[in-house]
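Notes to accompany the following structure.
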Amino acid sequence: MPHMIIRGISVPQIQSISKALVADLATLCACGTDNFMLECLPTISIQDGQVSDTYPFIEVGWFDRGQEVRDAYASIVTKHILATGVPEVEIAFKVYREDSYYWNGKLV
Amino acid sequence: MPHMIIRGISVPQIQSISKALVADLATLCACGTDNFMLECLPTISIQDGQVSDTYPFIEVGWFDRGQEVRDAYASIVTKHILATGVPEVEIAFKVYREDSYYWNGKLV
Amino acid sequence: MPHMIIRGISVPQIQSISKALVADLATLCACGTDNFMLECLPTISIQDGQVSDTYPFIEVGWFDRGQEVRDAYASIVTKHILATGVPEVEIAFKVYREDSYYWNGKLV
């Protein structure tokens, strides 16, 4: 954790930024780089009856760290994504509850 | 936004209804048709040890608009999905928080 | 419902445990085995610029049943997953709202 589930951005684009992105996020969150998961999720988008490009979207799943860290997190992710040439990106945060998150059967 | 993440319904089925579906939803929500995202998400379902058909399911991600609009939204989506010949469909709404949703790094 | 969306565990691994897993969960939840959905979700994970294995993760979507049942649910899922040889697994629960969940257009 955090998990980043990525739609509408290619695997090579994510590969090209993954090291620098995760390094910046680990500094922000004061945790190890191995906590972060970047996962590209293939979907098939449909617009006006046609298969179309998927809008660049990232859902971040984590334990909430407050508005200031969230804003900074979104800013870092956006900076790196836009650097790949993607023209725009939306990011939504999904909060896990600490009473509902288990590692090997135990609450973390 | 809204985002509709669709499981268990084929891409051609969604293509066949996408224009009429989005037109009806845009009227309900009083917004442009280009706000809606329809994305088919491939999953592999398993039942009794066998790979099986995925149950038709749609998750709608949005900023909440209240029970009346939600009911009407579900009714419109259901009507169009059932018209494709799918016998049943479940729809769940997922609410994004306005303090946690970013466009190009800025809260929307 | 419950829905289990599975990442980072192979389809044959899930097939090998699906009957026993669902039988145990149905006993816990006092409901029929046909209520449970097991869906493997393919994602492409990236670490240090390389495509890598996806961390074993299961998101359970349901109406909340309280801490005791949740703990027991996570324990059952973990036991069966680890029995396949997967070394670790994380499980998060996502709660659906009863005012926002529809079957064929009607609140369930």
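Of the residues making up the range C:98-107, none is in contact (Cβ under 8 Å) with a residue 24 or more places away in the chain and either away from chain B (no Cβ under 13 Å) or assigned to a loop (DSSP other than H, G, I, E, B) (or both). Being buried (at least 20 other Cβ atoms within 10 Å of the Cβ) and either in contact with a strand residue (DSSP E or B) (Cβ under 6 Å, 6 or more places away or on another chain) or among the small types (Gly, Ala, Ser) (or both) is the filter here; which residues of the range B:78-91 pass it? Selection gives B:GLU90, B:ILE91. Using the structure shown, decide if A:VAL51 is open to solvent by less than 20 Å² (accessible area, probe 1.4 Å) and without any contact (Cβ under 8 Å) to a residue 60 or more places away in the chain. No; evaluated as a whole, the condition is false for this residue.
Would you confirm, using the coordinates I've provided, whether B:SER16 is small (Gly, Ala, Ser), within 13 Å of chain A (Cβ to nearest Cβ) and farther than 25 Å from C:ILE44 by Cβ? Judged against the criteria, B:SER16 is a match. Each residue in the range C:10-48 was checked for being under 14 Å from the mean Cα position of the chain (by Cα) and not in a helix (DSSP H, G or I), and 7 of them qualify. Total residues in the range B:26-48 satisfying the condition of being more than 30 Å from C:SER18 (Cα to Cα) and within 13 Å of chain A (Cβ to nearest Cβ): the figure is 8.
Determine, yes or no, whether B:PHE57 is modelled with pLDDT of 95 or more and surrounded by 20 or more Cβ atoms within 10 Å (Cβ to Cβ). Spell out how you get there, then give the answer.
Working: modelled with pLDDT of 95 or more: yes; surrounded by 20 or more Cβ atoms within 10 Å (Cβ to Cβ): yes.
Yes, satisfied.
State whether the residues of the range A:62-72 include one that is crowded, with 19+ Cβ neighbours inside 10 Å, within 18 Å of B:ASP99 (Cβ to Cβ) and touching an Asp or Glu at 6+ places or on another chain (Cβ under 9 Å). Yes, the range A:62-72 contains at least one residue that is crowded, with 19+ Cβ neighbours inside 10 Å, within 18 Å of B:ASP99 (Cβ to Cβ) and touching an Asp or Glu at 6+ places or on another chain (Cβ under 9 Å).
For the range A:49-77, what are the residues that are outside any strand (DSSP E or B), closer than 30 Å to B:VAL11 by Cα and at the interface with another protein chain (Cβ under 9 Å from one of its Cβ atoms)? Before the answer, list the steps.
As a first pass, look at the range A:49-77 and keep what is outside any strand (DSSP E or B): A:49, A:53-56, A:63-77.
Subset that is closer than 30 Å to B:VAL11 by Cα: A:49, A:53-56.
Residues satisfying the conditions are A:GLY49, A:THR54, A:TYR55.
Close Cβ contacts (under 9 Å, 6 or more residues apart or on different chains) running from residues in the range A:1-22 that are of a type in the set (Gly, Ala, Ser) to residues that are crowded, with 17+ Cβ neighbours inside 10 Å and in a helix (DSSP H, G or I) comprise A:SER18/A:HIS80; A:ALA20/A:HIS80.
More than 19 Å from C:MET37 (Cβ to Cβ), open to solvent by 50 Å² or more (accessible area, probe 1.4 Å) and out of contact with any helix residue (DSSP H, G or I) (no Cβ under 9 Å at 6 or more places or on another chain): is that true of B:ALA30 in this structure? Here the answer is yes, as B:ALA30 does meet what is asked. The sole residue among B:THR54, B:THR43, B:THR33 that is polar (S, T, N, Q) and over 22 Å from C:ILE6 (Cα atoms) is B:THR33.
The values are calculated or read from the model by the stated rules, or taken from the named source; none is laboratory data. If you're wondering where the values come from, they're calculated on a predicted model, not measured in any experiment. No Cβ is skipped: glycine too gets one built from the backbone with ideal geometry, and neighbour counts run over all protein chains shown. Remember, those area values only see protein heavy atoms, side chains included, never the ligands or the DNA or RNA. Shrake-Rupley method; radii C 1.70, N 1.55, O 1.52, S 1.80 Å.
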